[in-house]
Amino acid sequence: MDGAVVQDITGLVGAQRVLTSREERWCYAYDATDREHLPDLVVFPESAEEISRILKWANRYGFPVVPRGAGTGRSGGAVPVAGGVVLVLTRMNRILEINPEDLVAVVEPGVILGKLKAAVAAHGLYYPPDPGSADYCTIGGNVAECAGGAVAVQYGVTRDYVLGLTVVLPTGEIIDAGTRTMKGVVGYDLTRLFLGSEGTLGVITQIILRLVPQPEARQTLAAGFATLEAATLAVGEILRAGLTPTALEFMDGATLSCVRDLLPFALPAGVAALLLLAVEGHPRDVAQRAGGMVRLCREQGARAVIHARKREEAERLWQARRSVSPATARLKPQKISEDVAVPLSAIPKLVAGVQEISRRRLLPILCFGHAGDGNIHINVMYDRGVEGERQAAPRAVKDIFTLVRALKGTLSGEHGIGLTKAPYLRMELSEEAIALQKRLKQAFDPNNIMNPGKIFPPGLRSTYSIND
Amino acid sequence: MVNPLSADIPSSSPSSACVRCGACMAVCPLYDLLGRETVVARGKLNLWDLYQAGGVASKERLREVLECCLLCGACTEKCAVGLAVPDLIKGARAELRVREGWKWSPALVLAYLAWQSPHLLPALAPLAPVINRLKSRVGRESGLAYRLWPHLAWGLQGLPDLSPVPFRSQAPRHLPGRGKVKIAFFVGCGIEAFFPRAGQAFLAICQHLGIEVVIPPDQGCCGLLSESVGERDLARTQGRQMVQEFAALPVDFVVTACASCSYQLKRLGVLLDGTPEARAGASLAAKVKEASEFLVQVAGYRPDLRQLPAEVAFHDPCHLHRGQGIIQEPRELLAAATGREAPQPRELVCCGQGGAFGVLYPEISRGLGAARTQAHRQKGAQILATSCTGCLVQLRQTADNLRVVHLLELVGPVT
């Protein structure tokens, strides 16, 4: 990148808000994947106007700009694969408004999700989406990736809570999209277009969020089943019975074998799959729904059902769910984690099919996650040092995607395409659909300066580089 | 309990085990304050990987990044793969020291001063009033020393006054017991130089309980500071001195009233691993107890109820609750002494002292310390007790309207 441009940007925001040393820039070269690429400059903007200026320069001088929240994405979206400027939005972290009368909050993109949730809770309000990284990811990243989480079964995902946005377009104009009302049909739904656009269509600088009242009660259940099939069938039964679980998570046998000794309770022998359920709402309604689920799980042959009515008991159960990720490292040093989603009725077939792929590819593959909305996390475990495993892992991933498409599912439920899944885009989208999306991208970003190299299948360039 | 400050991962192990999830950002006190990934574990470990791969251009910048860590271990508690981050950072600092050579820094001066303190302190003691006066002058922002070495001057200014009589000059070498338990008391630099009253309080309790105490005369510094700043060889030398001085003593336990010292001494086996003293170090380490741990678990001490004029809170030193899993013992002692339950949850945030961090980054360090004392005062505390001399130094200088004392000073025998 041209030294004069670096000077211009430094002059704009001040030396305190740029990182130029190679060592500091390296700390913004990655996200939560294993991809990395050194940016030429890291900038911490504080206003839409600053961002606008930088984007105009980007068009004039032709350098890439990559927006970044906390860098916790799971698909490489914030990795500056083409170098250029990383715009770190963590300093734009004000909660501008929490309005209990309108049931909206207006926030800047750098607000940490957990802090936002706590701030609205202080007003008796609730912002439901809850990705696993809630304590450290930013709301801006959530919007750009359309983050999900466990409570999507009842409440939906990030896109269901974003009413409006302020966005700096790649060409530097600052626009508002959407409304601060529940309804709004004026013009194209640009808000939805930005949701999950992975920083390729502009830089989000303000977000109007829809809030709901804080539920009065929450209960948690765990149910252990003798077979994976029994557990996945029970998922279908629970959803069809109209019991409306708030969260419905599951762990398969391979996952359980990893966390068995970390669980806060002894798992009865012969349990090969576990369901974790949460129910939120009015206390009486919660009691009724939870009771119905206990009954249903027993009818479906659950070996053990644990009903946590108290907060601490429940927390222990969710701790077991959270311990999955660290525990997988015991199996193999590397993993490829996918977050496919399939129609609810296809969950048993997906899980059975993945087990078959695991046997065929001779790799441990774990299935766990959001059974209630069909969004299953699949971890292909392998050892980079073992030649056979290193080659088998991407093949297993391709097998899984083929299976998912045969089941009318989607490649990514909540992580996004980014870098890691871009080579597979054609498995889901037709050439015509991809061509239209590229035309859209071009309409927004004629010079392709905004987070280039993401979503669209690449001319496969290397993304690993530790050299300038 | 897994010890988050020191797991079994060798400290030179490659940090590439970091899965980059970013969870450390949720709990790192420095990240919370500074908002830069260079200060958080994920950034540091990935930069270290870059260095290992030969990709770092400025060793100085790398050194600065590694220095900017409190070694508090909060990130390890949150780490998805359980990395012992403080060990990894200390290991990286040591490796950088070996590979890139020595570099003058105020932190090093402090580590060497601590090493020499057993000789220095008795010699300096008669000059204590002069030194204390000089110290406040050196720290003054208009002073020459401040202009030359602002960090050192600021760090010095923050130190409490030197005790006119070092602890070991005022304490007996042997305290006879009544045939129960026999212990050796490890004093440590903090109690020796600044907080002899805490040591006296401990001896008073032992006397009250009839516990025989020996205080070996030639004991040195525990070595925590040297290991923290990357002087691993010096830390090993200090560890060997410890073994020479304490391993052969016919005692049941080696007790210290500073949480950081006990943390370090419990690691003697790890520190001396691969040296001829490894086995002796490990068996000595097994005898080490922190004072509250010893008093509650071994001696069964229950302080008498007394009238305290104020609300007391407890600051959990990182080296105590994370480093040694000691959380309940100090609370039990306080609860018995004050007659009030101590339901206060353990404090998750570091006081900001962080080994030599307070000297290297005085401004940030003070800010963190002030945040702690303010938080306690807002909750109504008028006395803040703690049991690490590093925390004491830090919390004292940032406390307004809050008395900061060593826990043992509040729970001694009522006379």
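Brief remarks on what is shown
- Overall form of the stretch B:278-363 per C-alpha gyration tensor (a/c, 1.5; a/b vs b/c): oblate
- Under 22 Å of direct C-alpha separation, and excluding same-chain neighbours fewer than eight residues apart, residue B:44 reaches these lysines: B:59, B:78, B:90, B:103.
- Angle between chain A longest axis and helix A:228-240 axis [Cα atoms, degrees, rounded to 10]: 80
- Taking every lysine pair in chain A that is 8 or more places apart or spans two chains, those with Cα atoms closer than 19 Å amount to 13.
- Rounded if a/c under 1.5, otherwise prolate or oblate - the stretch A:224-321, Cα gyration tensor axes: oblate
- Environment charge of residue A:428, counting only residues whose C-beta is closer than 14 Å and scoring Lys/Arg +1, Asp/Glu -1: +1
- Semi-axis lengths (Å, descending) of the ellipsoid that matches the C-alpha gyration tensor of the stretch A:334-468: 28, 21, 12
- Rel. contact order, % - alpha carbon contacts under 8 angstrom, at least six apart, chain A: 16
- Between residue B:182 and residue A:386, the FRET efficiency estimated from the beta carbon spacing at R0 = 45 angstrom works out to 0.25.
- Remark: mean inter-chain Cβ contacts per residue of A:324-331 equal 3, using a 10 Å Cβ-Cβ cutoff to other protein chain atoms.
- In this simple spin-label approximation, residue B:279 and residue A:436 carry label points 7 Å from Cα along the Cα→Cβ vector, and these lie 7.7 nm apart.
- If R0 is 35 Å, the Cβ-Cβ spacing of residue B:207 and residue B:233 corresponds to a FRET efficiency of close to 0.35.
- Net charge of neighbours whose Cβ lies under 11 Å from the Cβ of residue A:215, counting Lys and Arg as +1 and Asp and Glu as -1: -2
- Residue A:216/residue A:47 FRET efficiency (R0 41 Å; Cβ-Cβ; nearest 0.05): 0.55
- Cα gyration tensor shape of chain B, rounded if a/c is under 1.5, else prolate or oblate by comparing a/b with b/c: rounded
- Local net charge near residue A:5, Cβ-Cβ under 13 Å (Lys/Arg +1, Asp/Glu -1): 0
- The slack in the chain from residue A:119 to residue A:229, taken as 0.36 nm per residue of separation less the alpha-carbon distance, amounts to 35.5 nm.
- Nearest-ten-degree value, helix B:389-398 long axis tilted from longest Cα axis of chain B: 80
- With only Cα atoms counted, the protein assembly as shown has Rg and Dmax values of 29.5, 91 Å.
- Taken along the Cα-to-beta-carbon direction at a fixed 7 Å, the label points for residue A:456 and residue B:109 span 5.9 nm.
- A simple spin-label model places pseudo-atoms 7 Å from Cα toward Cβ; at residue B:174 and residue B:34 they are separated by 5.1 nm.
- Cross-link reach list, aspartates and glutamates versus residue B:180, counting only Cα pairs under 18 Å and skipping chain neighbours closer than eight places: B:212, B:252, B:293
Every number here is computed from the coordinates shown, using simple stated rules; none is lab data. Computed from a prediction, not measured in an experiment: that's the story for all the values here. Note: ideal-geometry Cβ built from the backbone for every residue, glycine included; neighbour counts use all protein chains shown.
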